[in-house]
Each structure stands twice: as C-alpha cells, then as structure tokens.
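Read the structure below first, then the notes.
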C-alpha cells in the first residue's frame, strides 16, 4: 500500500494536519500567528545548513526553528513591539536562508521543494519522521493541555494555580519547532503557518469548548489534506498550495455559517 | 498563626523599585483593604503573594496549609477561544461538578454554568472569576480591583457579595480598591500603600492619618496634596525646585 506515492502523500498530509490542529488552536488563542510564521521562515536557514553539512534536513530545520522561537521569546518585551521584532527576525531568517542555500551547488533546483513542499516525493522514511513528530506534538500538548489552557487564559491565574506560564510557553515553542520541521516536506516553509491557523480559525464558529475546537480543527485539516491532494492530482496543480486552498474554502464556508447563525 | 505574612518585601522591575520593604500580615476572617494611587505597587504586592513576581528582598510566607483564592484585576478572554463557564472553572483540573455548583451559588450566579465566557456581562464575568477563586475553598481571598469597569450599583452589589461570602465561609479577604467609601464601610483594616506602607490601621485611624490625607486629600485639594505627598517621600522629580517654590508662594 505504501508503494503508491499518493497513499504516502495522503498519510503525510494527515500526519501534519493532526499535529497542526491542537497547536494551531493555541497559536490562534494566544495571537501567535506571526510567531508561527517567523519560526517557519527560519527553518529555511536550517535546511541550508543541513544541506551544507549533509545532515538530516529534519534535524537542521528543527534546531534552527527552535533557536528562532527561543530568540523571539527572550527578545520580546525588550524595547521593540512584538510585530516589529517578528517582522525583522522572520524576513531576515528567510533572506539569510535563501542566500545560504544559493552557496550550495546543485540545490537551487530543489529550493521550490522547501519553500512550497514536495509532498508527492514523500518517502517511507519521511513518513516515519512525520508521524513520529506528529505523535510527539500531540502527546506533548495532550500532556500539558490543562496547564497550557490555564496559562493562555491568564498568566496570574496560572501562577495562583501553581503553574509556571513560562514553562508552558516553552512547551508550545518546542511543539511549534517540531511541527515546522515535520511540515516542511508537506507544505513548505511559506505555507506552514497556514496549516496551523486556517483549520483552527475555521473550527472556531463550530465549537463551544476548547477541546471541541481542537478536534474540529483536526477534522478540517484532515479534509483539507485529502481533498487538496486529490484536487492536485486531478487538476495537476501544486500539492501544498492546493491543500491550503481547500482549507481556506472551508474557512470561508464556516465563517458564512457563523454569520447566518444567531449568537453562539 | 497569620494566613499570610509579608516581611520586608521589595520588588523591582529592572532598575525600577515598585515596592520597598513592605511588611503586612492577614489574620483569619478579617477584611483588609489596600489603597494607594496608581503605580503605588498594589498589584505587584498581590502578585508577589501568589508567587507571580519574585521578591528582590524579603519574603512572603503562607501559614501552614493556607489556601488562596485569587481574583485578577481584569481578564481578557480572546473571542477566538470558545469556553463555557463550567470548563473554565474546571481548569486546571481536579474539580468536581458539585464544587462548581457550590462556588457559582456562593458567587451569586448559580445559573451561568453553561454560558459561554465571552458572552457574559462585566458584572457576571467578575462573579464567575469570584466563583473560580472560591472553588478551592480558600482561607484567604485576594481581590485586585475586582470591580473595575462596573458601574456604581454593580460594584456595590459585588462588594456586598464579598461580605456575604466572608460571613458564610469565614475566609479572610485582602483586596485592592479605589472606592474609598466602600473601603471605609466594609474593611476591618486599611493599608495605605505608596511604594511602601504609608500608614495602616482601622478605617477611622487611617482616614485621619496625615499620610492618608496627604495621599487622597479632601475635596478639590486632593490633586495638590497627592503631589506634595510624593515629595515628602523623596521620589525623584525633575522639576522639584520649581514646583516647590510655587507651593511655597
């Protein structure tokens, strides 16, 4: 079954959707959308370094994404507004990454694959990494769920309940870095944030509890991955962007449902 | 044994000292109110008591097994986060349905269990926050300007609720308030804070203390009195001499 590239691609897409759903909810609730973007963009620098030192792309991307996320956490609240800081770091990391990649001979052709993903070329090994990473992210967030949710609601309430919000922030940062590394092959660095934010945002009008929203986001991500891939196959369109397009259409539909519905 | 004992506490944010050498204690069952101008370190004091800020000096000690319920100043629930009152009260865990029903009843909002948090009015929301603090059956309730954003009637009703809670559960209350008339009528003790403890005692004693008068003044003289007060305590003001001369004239 895994011999079919479409089956492998679909499984890869589902893996990313499963990891991105609960994490994406926190990204939306905590208004970290741009933070997710910055972390993802930094990953291209990780890709370049991995290729230069012939390491695993997964490890390099994850290390640089993690480094970026930690840098942002440390620098935030030190003189620059958060959006300015992220704007500087995200685009610099992307630019440095692109320049670094150009130094490595023979890679130029592959650049598109890292920017927009190359889901149809997912190997069995990639699949194992994607599912391993996704399982780790889901386990991490599931384990810390209540503490994460409490710190997201209010940091002082978290303190009063004996939870350290900084530690929970670190858990999210780690989960984000893993997700970015895992999703590069599937949607590419430019569209990872979309897989985090769009399914979660689309799930919002359909949910009454945080858990409900995370599950709904997972289902929406799963539908986007499968329908998007099928569409890409039939219409011969790029796979990663097709997945995101389907997610965007679901978001549009769910927003329209909300506006026709009276208050939740 | 005091419920909570603050000894010689100083808190700094970077180079700025917001609290210096503050000591206070809260005994079981009493209502203590902290008053003070903006930026006088009231919130920092409460945050130090719950452990959200680390003291630069001194310490905060809780009596053996003192349970603290905390009602924050304001809580913004993002529209994007769907959550019912029940789910909110269950966080971070270990809370039973009967705990929730009891706490909501004590806070005076027994019917809100299924409501969405983002749909509540200001007054309802504050009572849900109160219910959340009451879940743990606290010995000490900490309230940080809990009536901010409520109109006068709403805030009077809220403070009445607090008194009822104290009567029914016997918990002590340490609260910050801007509403001096409320403070004077309901508190057993008032602490006047301005980076340090200016004065403290029963409401009557504090109201007649020169330090308190200097901080809050009477009638229209209040603003000037507030200014002079800061001088008395040697805070740094660039235009010190100029204004001083003016005041002397």
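What follows draws every value from the coordinates through simple rules; no lab data is involved. Because the structure is a prediction, the values reported are computed rather than measured. Cβ placement follows ideal geometry from the backbone for every residue including glycine, while neighbour counts extend to all protein chains displayed.
Take peptide B:45-54, look around each residue's Cβ out to 10 angstrom, count Cβ atoms belonging to other protein chains, and average those counts. Mind dumping the intermediate values first?
Details: counts 0, 2, 4, 0, 1, 7, 5, 8, 2, 0.
Per residue, the number of nearby Cβ atoms from other chains is 3 on average.
Taking the longest Cα principal axis of chain B as reference, the axis of helix B:122-134 is set at about 80 degrees.
Calculate the mean, over all residues of peptide B:120-127, of how many other protein chain Cβ atoms lie within 10 angstrom of the residue's Cβ. Walk me through the numbers on the way to the answer.
Details: counts 0, 0, 0, 0, 0, 0, 0, 0.
If you average over the peptide's residues, the count of other-chain Cβ atoms is 0.
Full extension of the chain between residue A:120 and residue A:5 yields a length gain of 40.8 nm, computed as 0.36 nm times the residue separation minus the alpha carbon distance. Once both labels are positioned 7 Å from their Cα atoms along Cα-to-Cβ, the gap between residue A:92 and residue A:234 label points is 4.7 nm. Computed from Cα positions, the angle between helix B:152-169 and the longest principal axis of chain B comes to roughly 70 degrees. Largest GNM mean-square fluctuation across A:222, A:45, A:70, computed for chain A with C-alpha springs under 10 Å, falls on A:70. Here the sum of -39500 (n - 2.57) over DSSP H runs of 4 or more residues, divided by the residues of the protein assembly as shown, equals -19500 deg cm²/dmol at 222 nm, to the nearest 500.
Put a dot 7 Å past the Cα of residue B:21, heading toward its Cβ, do the same for residue B:114, and the two dots end up 5.9 nm apart. Rounded if a/c is under 1.5, else prolate if a/b is larger than b/c, else oblate: which is the protein assembly as shown, with a ≥ b ≥ c the root eigenvalues of its Cα gyration tensor? It comes out prolate by the Cα gyration axes. Residue order for A:118, B:78, B:151, fewest other beta carbons within 10 angstrom first, comes to B:151, B:78, A:118. Residue B:7 to residue B:101: FRET efficiency via 1/(1 + (r/R0)^6), r the Cβ-Cβ distance, R0 45 Å, to the nearest 0.05? After rounding, the FRET efficiency stands at 0.70.
Using C-alpha pairs under 8 Å with a sequence gap of at least 6, the mean separation divided by the residue count of region A:5-190 gives a relative contact order of 37 percent.
R0 = 30 Å: FRET efficiency of residue A:256 with residue B:76, Cβ-based, nearest 0.05?
Values: r = 27 Å, r/R0 = 0.91.
After rounding to 0.05, the efficiency reads 0.65.
If a spin label sat at a point 7 angstrom from the Cα of residue B:60 along the line to its beta carbon, the backbone N atoms of region B:181-215 nearer than 18 Å would be those of B:191-197.
Would you mind giving the mean number of other chain beta-carbons within 10 Å of the Cβ of each residue in A:182-194, as a whole number?
Numbers: counts 0, 0, 0, 0, 0, 0, 0, 0, 0, 0, 0, 0, 0.
Going residue by residue through A:182-194 and averaging, the value is 0.
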